[in-house]
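Participant: One structure, as structure tokens, below. Some questions next.
The values are calculated or read from the model by the stated rules, or taken from the named source; none is laboratory data. These numbers were taken from a predicted model, which means no experiment stands behind them. Reconstructed Cβ throughout: ideal geometry from the backbone, glycine too, with neighbour counts over all protein chains shown.
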Amino acid sequence: MLSDPRFDSLSSAPARQPQALEADAPLLRLTGVSKTYLAGEVAVHALADVDLSISRGEYLALMGPSGSGKSTLMHILGCLDTPTSGTYVLDGQDVSKLDELELAWIRNQLVGFVFQQFHLLGRQTAARNVELPLLYAGVRSRAERNARTQAALAAVGMADRTEHRPNQLSGGQQQRVAIARALVTDPAIILADEPTGNLGSDQTDEVLEIFHGLHQQGRTVILITHEPDVAGRARRLISVRDGRVVADEPVTR
């Protein structure tokens, strides 16, 4: 079991105040969620009547082949899209009917995103990239932003690279900066979409060890991947096919 004091440094950052939840309430719950898109005059049923509950502090992997509905489910979990029908309750709030402005606030406050392509601003330093979500969140104190930025970078082992720009960092280092950016607002969920897709095996191990450490510190991590070896590092595996959850089981070792 990993116990890394780097992650403890984040606890000193002012935390988001979640809504009061019942003791046994899941962090998120999808009930009867379906999603239909129109491709011209053809209805495409991307998700069909999905029920899913995830508790606070879980570490799970979401897998499925191309066209399975995995990406659509990820977009709904991350509040990048809304269901056609059904409900999605996140951290005690029904987000399934919110408008785009409200969803943007939820994304900033409750979800930390990590992507395959890193999506770092090339002209900005690592510190500036990590700080930006705090500016969007309205954190006005420069001292507070700096403290939270430094804590997030230290948590992923990048305290000595704060003034480096992306082109001065390896792929694994860039992804660690991206994870720090996801952490800095203290979100309810870390949602990682194919986070190791552009990394070699050694860098993949480093990044997955960070996710493991975050899980051990009580964070909720949802990992979207098509790689069984990567999914095997999680604690729970959800398989999606034809717009439905076809398997939901603990990961065995």
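Participant: If the requirement is being in contact with a helix residue (DSSP H, G or I) (Cβ under 9 Å, 6 or more places away or on another chain), modelled with pLDDT of 90 or more and of a type in the set (Asp, Glu), which of these qualifies: GLU131, GLU102?
Facilitator: Matching residue, one of GLU131, GLU102: GLU131.
Participant: Within region 176-253, considering only strands (runs of 3 or more DSSP E) that don't extend past its boundaries, which have at least 2 residues that are crowded, with 21+ Cβ neighbours inside 10 Å and touching a residue at least 40 places away in the same chain (Cβ under 8 Å)?
Facilitator: 189-193, 220-224, 236-241
Participant: Looking at region 64-92, which of its residues are in contact with a Lys or Arg (Cβ under 7 Å, 6 or more places away or on another chain), among the hydrophobic types (A, V, I, L, M, F, W, C) and in contact (Cβ under 8 Å) with a residue 60 or more places away in the chain?
Facilitator: VAL89
Participant: For VAL139, which of the numbered conditions (1) of a type in the set (A, V, I, L, M, F, W, C); (2) part of a helix (DSSP H, G or I); (3) surrounded by fewer than 21 Cβ atoms within 10 Å (Cβ to Cβ) fails to hold?
Facilitator: Of everything listed in (1) of a type in the set (A, V, I, L, M, F, W, C); (2) part of a helix (DSSP H, G or I); (3) surrounded by fewer than 21 Cβ atoms within 10 Å (Cβ to Cβ), VAL139 misses just condition (2).
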